[in-house]
Amino acid sequence: MSRLDGKSALITGGGNGIGRAAALRFAGEGARVVVADYNPEFAEKVAGEITDTGGSAVAAAGDVSDEASVDAMVKTAVDAFGAIDVLMNSAGGGSTKDGPVTELELDEFWRTIRVDLFGTLLCCRRVIPEMLKSGGGSIINIASLRAVIGTHGADAYTASKGGVLAMTRAMAMQWARDGIRANVMAPGVVLTERVAAFIKEDNPIYQKSLLGPSDPEDVANLALYLASDESRKVTGAVMRLDGGASIY
Ligand SMILES: NC(=O)c1ccc[n+]([C@@H]2O[C@H](COP(=O)([O-])OP(=O)(O)OC[C@H]3O[C@@H](n4cnc5c(N)ncnc54)[C@H](O)[C@@H]3O)[C@@H](O)[C@H]2O)c1
């Protein structure tokens, strides 16, 4: 018996980084996976990696910040697998246009709010009714350590991830009695290709990480726990995965 046997999972941002690692990990544990990504080639490639190794996956191209696109992703998932038991919102991420409130590019504020926060809201808004129909599910959102401890230099991103964190706890309250759990992961530095390209070892979060930065697979392992019934009594949790940075 694998840990996600019988479950289907929709993973946004599944074409790269943390989302890709989770898609492969979930499929390896028996889940049927919808790999949703803005970049259709990335989505197809990851879905192909899963099916080539005997797993079950479909790709869905789309933008999480666009309502019609989210509708289409969810339809793809329901048409393919009948239900969505796990929603993992991994689409998003900060950029070098961010900074302190006095310096950040204002467009970057709205971009990160639109993708990371509004995109997470849209996907939850569309998937929750599906989960209610099938008797429940697990929602896994991604905030950031920046939303939990004081950091500097990425205030737009920090604000959007603070919103994701608070919204996830509100959803956990709202739907606990319906069997829907909602939890949020708060990673520190995770060496995905995107982040490895701009984060430097002198970054304070990097330096505070007593165990060193994480790999995408480390986050996928935590997500696997949250997706599985092993975490059936866990909801509204903010799970730090920061190599000890927040206690330093
Ligand atoms: N890597 C880190 O250090 C780190 C730390 C804390 C939190 N996070 C969060 O984890 C999540 C994943 O980060 P990552 O490092 O794996 O990023 P990544 O860039 O490696 O992967 C993100 C994926 O999301 C897709 N995507 C981007 N915008 C999209 C949109 N509007 N609609 C659909 N898909 C979209 C991209 O095409 C890409 O495939 C993000 O929310 C990020 O903020 C990352």
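Bear in mind that the values in this text are calculations on the coordinates, not laboratory data. Because the structure is a prediction, the values reported are computed rather than measured. Cβ atoms come from the backbone with ideal geometry, glycine included; neighbour counts cover every protein chain shown.
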(request) Rounded to the nearest 10 degrees, what's the angle between the helix 67-81 long axis and the longest principal axis of the chain, both from Cα atoms, 0 to 90? (result) 40 degrees
(request) Over the alpha-carbon set of the chain, divide Rg by the Kirkwood Rh and report the Rg/Rh ratio to two decimals. (result) 0.95
(request) Sort out the exposed loop GluC sites (Glu not before Pro) in the chain (DSSP loop, at most 13 other Cβ within 10 Å) and tell me the longest stretch that has none. (result) 1-102
(message) Which residue fluctuates most in the GNM of the chain (Cα springs below 10 Å): S214, S160, S90?
(response) S214
(request) Would you mind listing how long region 15-115 runs along its three principal axes, going by Cα atoms, in whole Å with the largest first? (result) 51, 25, 23
(message) Explain nothing, just compute: Karplus ³J(HN,Hα) = 6.51 cos²θ - 1.76 cosθ + 1.60, θ = phi - 60°, for every residue of region 57-65 in order, whole Hz, x for Gly and Pro.
(response) 7, 10, 9, 9, 8, x, 9, 5, 8
(message) Calculate log10 I(q)/I(0) of region 158-198 for q = 0.34, 0.35 Å⁻¹, where I(q) comes from the Debye formula with a single equal point scatterer on each Cα and nothing for solvent.
(response) -1.06, -1.08
(request) Send over the semi-axes of region 140-232's equivalent ellipsoid, whole angstrom and largest first, taken as the square roots of 5 times the C-alpha gyration tensor eigenvalues. (result) 26, 17, 10
(request) Per DSSP H run of n ≥ 4, the term is -39500 (n - 2.57); total these for the chain, divide by its residue number, and report the mean residue ellipticity at 222 nm rounded to 500 deg cm²/dmol. (result) -13500 deg cm²/dmol
(message) Need one number: the % of Cα-Cα pairs in region 47-92 sitting beyond the 16 Å mark.
(response) 46 percent
(message) Report the rotationally averaged projected area of region 32-176 based on its alpha-carbon convex hull, in square nanometres.
(response) 9.4 nm²
(request) Past 29 Å, Cα to Cα, is the threshold; run K75/K161; K97/K233; K45/K208 against it and keep the listed order. (result) K97/K233; K45/K208
(request) Working from Cα positions, state the angle (0 to 90°, nearest 10) between the long axis of helix 155-175 and the longest principal axis of the chain. (result) 40 degrees
(request) Find, among the trypsin sites (Lys or Arg not before Pro) in region 144-248, those assigned to loop by DSSP (not H, G, I, E, B) with at most 16 other beta-carbon atoms within 10 angstrom. (result) K200, R232, K233
(message) Using the Cα centre of the chain as the reference point, and only Cβ charges (+1 on K/R, -1 on D/E), how large is the resulting charge dipole? Debye, rounded to the nearest 20.
(response) 840 debye
